[in-house]
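Below you'll find the structure, written out as structure tokens, and then a few comments.
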Amino acid sequence: MPRTFYGIHDVQYIAVRDVFAASPVTIASPIDRVDQLPLTIEGPKDHLDFFYRLFPKLFKQSLFDKMRGRGGWIRLEPPTSSSPWITLWYKYGRSLVDHVELLEHKFRRDAAVYCDLMLADWAILEVTIFGKDLLRTTIFLPEELPRNGTIVIPQHTLH
């Protein structure tokens, strides 16, 4: 049984900050060696509600990748009182490299292509193990991104 993951408040995580244009949400995943990986999407509630309505479009990509034997998006869970974030599940590899690739490349590419969400021109990738920052670096738009999305979180949802 996998341990409970506490997102960016966990002692071990991989995270991408400043993923989307005009939104402060952070995407995080555990470092644990599991093949069904929960990604927590953390940020203001109105932003989470906005993204939660769009993320089911990721499952179109999932069908395509499953046919090619590459895993895919398998489940989406809304925020709850015990986990105030969206949890998006992906089934794929178990290695740290697979988990970093999922956050750095696959999630952002799929959000732009399948959900038409506009990515920020750059984001911050960080890896924290046992409370110590192992890596913190700037990443740019994913390679092989055919085009950035066009949907930006509406201004009326911003505080």
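Can you tell me which residue among Tyr92, Tyr114 is at pLDDT below 90, among the hydroxyl-bearing types (Ser, Thr, Tyr) and surrounded by 18 or more Cβ atoms within 10 Å (Cβ to Cβ)?
Criteria check complete, one pass: Tyr92.
To keep it simple, each residue is scored yes or no on (1) farther than 26 Å from Lys132 by Cα; (2) in contact with a Cys (Cβ under 7 Å, 6 or more places away or on another chain); (3) modelled with pLDDT of 85 or more.
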| site | (1), (2), (3) |
| --- | --- |
| Val16 | no, no, yes |
| Asp35 | no, no, no |
| Leu39 | no, no, yes |
| Tyr52 | yes, no, yes |
| Pro56 | yes, no, yes |
| Glu77 | yes, no, yes |
| Ser81 | yes, no, no |
| Leu96 | no, no, no |
| Val100 | no, no, yes |
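Restricting attention to segment 90-100, does a residue exist that is under 24 Å from Phe140 (Cα atoms), assigned to a strand (DSSP E or B) and basic (Lys, Arg)?
Looking through segment 90-100, none of the residues is under 24 Å from Phe140 (Cα atoms), assigned to a strand (DSSP E or B) and basic (Lys, Arg).
Which of the residues that make up segment 5-28 are β-branched (Val, Ile, Thr), free of Cβ contacts under 8 Å to residues at least 60 places away in the same chain and part of a loop (DSSP other than H, G, I, E, B)?
Val25 - this is the single residue of segment 5-28 that is β-branched (Val, Ile, Thr), free of Cβ contacts under 8 Å to residues at least 60 places away in the same chain and part of a loop (DSSP other than H, G, I, E, B).
Could you please find all residues in segment 99-111 being buried (at least 17 other Cβ atoms within 10 Å of the Cβ) and more than 12 Å from Val19 (Cα to Cα)?
Those that are buried (at least 17 other Cβ atoms within 10 Å of the Cβ) and more than 12 Å from Val19 (Cα to Cα): His99, Val100, Leu102, Lys106, Asp110.
Looking only at segment 1-23, which residues are aliphatic (A, V, I, L, M) and either in contact with a Pro (Cβ under 7 Å, 6 or more places away or on another chain) or within 21 Å of Gln36 (Cβ to Cβ) (or both)?
Met1, Ile8, Val11, Ile14, Ala15, Val16
Select, from Glu104, Glu144, the only residue that is modelled with pLDDT under 95 and either of a type in the set (Gly, Ala, Ser) or at negative phi (or both).
When all the criteria are applied, what remains is Glu104.
Six or more apart or on different chains, Cβ under 6 Å: which pairs go from a residue in segment 29-50 that's in a loop (DSSP other than H, G, I, E, B) to one that's surrounded by 19 or more Cβ atoms within 10 Å (Cβ to Cβ)? Could you list them?
Sorted first by the residue in segment 29-50, then by its partner, the pairs are Pro30/Phe5; Gly43/Val25.
Could you please let me know if Trp122 is aromatic (Phe, Trp, Tyr) and touching a Pro at 6+ places or on another chain (Cβ under 9 Å)?
No: the conditions fail for Trp122.
Looking at segment 1-53 only, could you name the residues that are of a type in the set (D, E, K, R), in contact with a Phe, Trp or Tyr (Cβ under 8 Å, 6 or more places away or on another chain) and more than 16 Å from Tyr90 (Cβ to Cβ)?
Matches in segment 1-53: Asp18, Glu42.
Among the listed residues Ile124, Ile139, Ile153, which satisfies the condition of being in a loop (DSSP other than H, G, I, E, B) and either surrounded by 12 or more Cβ atoms within 10 Å (Cβ to Cβ) or acidic (Asp, Glu) (or both)?
Going through Ile124, Ile139, Ile153 in turn, the sole match is Ile153.
Restricting the first residue to segment 77-94 and requiring it to be in contact (Cβ under 8 Å) with a residue 60 or more places away in the chain, which pairs with a second residue that is part of a strand (DSSP E or B) meet a Cβ separation below 6 Å and a spacing of at least six or different chains?
Short answer, once both residue conditions are applied: Trp85/Thr40; Trp85/Ile41; Trp85/Glu42.
Can you report the number of residues in segment 101-121 which are more than 19 Å from Thr87 (Cα to Cα) and in a loop (DSSP other than H, G, I, E, B)?
Qualifying residue count for the region: 4.
The values are calculated or read from the model by the stated rules, or taken from the named source; none is laboratory data. All values derive from a computational prediction rather than experimental measurement. Neighbour counts are summed over all protein chains in view; Cβ atoms, including those assigned to glycine, are modelled from backbone coordinates with ideal geometry.
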